[in-house]
Amino acid sequence: MSNDDDVETYLRSLPAIRERCASVFKLAEQGKLDWFDYQPDKLPDVVRYCTSIVKRDYPNIDSIPPHGRWRHFGEGRIAAMRSQWNARAHAHAHANANANANADTHTDSPALEEARSLVDLFIVSVLLDAGAGAAWAYKEPDTGERVGRSEGLAIASLHLFKRGLFGDASSVRAQALQRITPEQLAQGMQVSPSNPMDGLQGRAGLLKNLGDTLASDQHGIFAAGGGGGGGGGGGGADDASHRRPGYLIDYLASHPSTTRDEQGQVHIQLSTLWHALIVGLAPVWPTEGRTHLKGKSLGDAWSCHALARELNIDQTDPACVVPFHKLTQWLCYSIVEPLEKVLGWQVMGKEAQTGLPEYRNGGLLIDLGVLVPRPALYDAGSCEPGGGGGGIPTLKPSHQAVIEWRSLTVVLLDRIADGIRHQLGLSSEQLRLAQVLESATWKGGREIAKQKRDGAPPITIDSDGTIF
């Protein structure tokens with residue numbers, strides 16, 4: 001493998017996220033960043049604030065769920081859908097008992113198909129999950145309730161999924177995604193002049209790209225039976241138009257790194273899941289405006305000019321590129337849950353994932369004074385009136401202030417998690433980072449933003465729906 005291939009592989013890896021963010025954080029500790037000052041004396045305030053939220057909402061720590069898309073649908077909606085699936089599966093199994101007498105009961109089990117369907121739903125829903133803007137909300141047909149932000153996007157995607165827009169009523173298919181238009185998506189998500197949504201075109205583009213990626217399946221990840229789809233082939237019963245995200249489960253089940261212990265417990269490696277997502281879904285993400293290495297897009301990875309200056313290298317040198325891969329990480333967190341909850345698999349190495357560098361987690365750090373934007377930041381982009389005196393700046397994801405902010409957020413989320421564990425007398429096994437994100441930092445960021453600015457973040461990211 002060439003050096004460029006080595007660099008690309010590294011910058012797509014989970015360890016690279018923590019390592020490069022740590023390099024930027026060292027500059028913050030030395031006062032060498034361009035857009036933020038770090039105030040370590042304020043970090044205990046964040047830990048206390050987050051710990052109080054955990055204690056308030058989760059008297060039983062064991063009941064804290066992991067951070068993932070599942071939460072945003074509401075437990076009742078997913079539970080009802082799972083019950084319908086199970087009823088249909090059992091009825092079908094009973095009616096076809098004789099025909100299926102010789103079937104592989106493990107690979108064809110109702111639980112496996114249920115997990116596939118949840119992965120189908122979660123992947124599409126995450127691609128639709130970028131910030132919709134404060135003005136948009138979804139009115140749920142069943143209840144008449146209007147829900148905005150991530151929960152509204154989740155509920156909207158659930159109804160579109162059940163309606164069969166993405167395939168059929170319980171699965172996502174490549175061909176259906178390839179046919180989706182922005183107009184169809186706008187109609188399904190109730191977008192109108194009075195209910196505008198940020199990044200609609202970007203979302204529709206991601207779904208179309210996902211359909212194309214599934215159909216080509218260059219790495220044999222999304223074909224029935226766990227592989228064989230490379231380069232659009234697949235042969236046999238594998239029809240490119242019917243490939244689906246949920247067949248990722250079959251790929252994991254048949255992967256050489258997957259093992260079973262003496263009790264029959266399936267163990268899969270998070271690194272295998274991560275590789276499948278970061279490589280298998282790479283064509284989904286736009287390439288324009290992204291960092292490239294030898295003409296190849298690196299995805300959600302950006303050159304940090306302060307780091308380049310410290311290393312005395314050109315700003316185009318990959319040594320100063322900081323990867324985040326936020327949406328892929330969000331996908332990974334979201335997919336782990338059905339693997340463990342529905343299939344009973346154990347995912348090994350989950351600690352490799354980082355906290356998510358997005359505006360709720362990062363906003364918490366600004367609002368509680370750990371990160372102090374320098375005055376130039378408020379002059380860097382357009383500002384809307386807001387709390388804190390300087391207005392709310394709007395910046396592109398590629399802006400250096402955003403890159404610094406996200407880098408510091410990754411490192412500080414680890415430190416906050418350690419602080420909360422210390423306050424509660426827990427180990428990292430007893431309170432995982434995914435639980436901290438769910439019960440403390442993401443929720444805390446939303447709550448403090450509501451107090452200060454009616455929910456708006458301290459910095460607005462002008463996103464096209466493909467990064468945040």
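Once you keep just the Cα pairs under 8 angstrom separated by 6 or more residues, what percentage relative contact order results for the chain?
So the answer I get is 24 percent.
Taking amide hydrogens as modeled 1.01 Å from N in the peptide plane, which residues meet the under 5 Å criterion relative to residue 257, leaving out close sequence neighbours?
Amide H neighbours of residue 257, under 5 Å, 5+ apart: none.
For the range 438-443, what does the Karplus curve 6.51 cos²θ - 1.76 cosθ + 1.60, with θ = phi - 60°, yield as ³J(HN,Hα) per residue in whole Hz, taken in order and with x for Gly and Pro?
6, 8, 10, 6, 5, 5
As a check on your grasp of the helix formula, calculate [θ] at 222 nm for the chain: sum -39500 (n - 2.57) over DSSP H runs of n ≥ 4, divide by the residue count, round to the nearest 500.
After summing the helix terms and dividing by the residues of the chain, the value is -15000 deg cm²/dmol.
Rounded, prolate or oblate, given the Cα gyration tensor of the range 134-210, with a/c below 1.5 counting as rounded?
Oblate, because a/c is 1.5 or more while a/b does not exceed b/c.
Applying a 10 Å radius around every beta-carbon, put 436-448, 303-315 in order of their mean neighbour count, most first. Don't jump to the answer; show the numbers that get you there.
Numbers: 436-448: 22.8, 303-315: 16.2.
Going from most to least packed, we get 436-448, 303-315.
Can you list the residues, at least 5 places off or on another chain, whose amide H is less than 5 Å from the amide H of residue 455, using H built in the peptide plane?
Long-range HN contacts for residue 455: 450.
Once amide H atoms are built 1.01 Å from N in the peptide plane, which residues 5 or more positions from residue 223, or in another chain, come under 5 Å H to H?
229
How large is ³J(HN,Hα) for each residue in the range 117-123, as worked out from phi by the Karplus curve 6.51 cos²θ - 1.76 cosθ + 1.60 (θ = phi - 60°), to whole Hz, x for Gly and Pro?
Values per residue, Gly and Pro as x: 5, 5, 5, 3, 4, 5, 5 Hz.
Only Cα pairs under 8 Å and at least 6 apart count here; give the relative contact order of the range 290-341 as a rounded whole percent.
Once divided by the residue count of the range 290-341, the mean separation gives 28 percent.
How large is the direction-averaged shadow of the alpha-carbon convex hull of the chain, in nm²?
23.6
If you plug each phi of the range 36-46 into the Karplus form 6.51 cos²θ - 1.76 cosθ + 1.60 with θ = phi - 60°, what whole-Hz ³J(HN,Hα) values come out, in order, with x for Gly and Pro?
9, 10, 9, 10, x, 5, 8, 4, x, 5, 5
Alpha carbon centre of the range 108-151 versus the range 413-464: separation in Å?
Each part's Cα centre sits 22 Å from the other's.
Read-outs throughout are calculated quantities, based only on the coordinates presented, and are distinct from any laboratory measurement. Note that the coordinates shown come from a computational prediction; the quantities given were computed from them, not determined experimentally. Because the Cβ atoms are built from the backbone with ideal geometry, glycine has one as well, and the counts that use them run over all protein chains shown.
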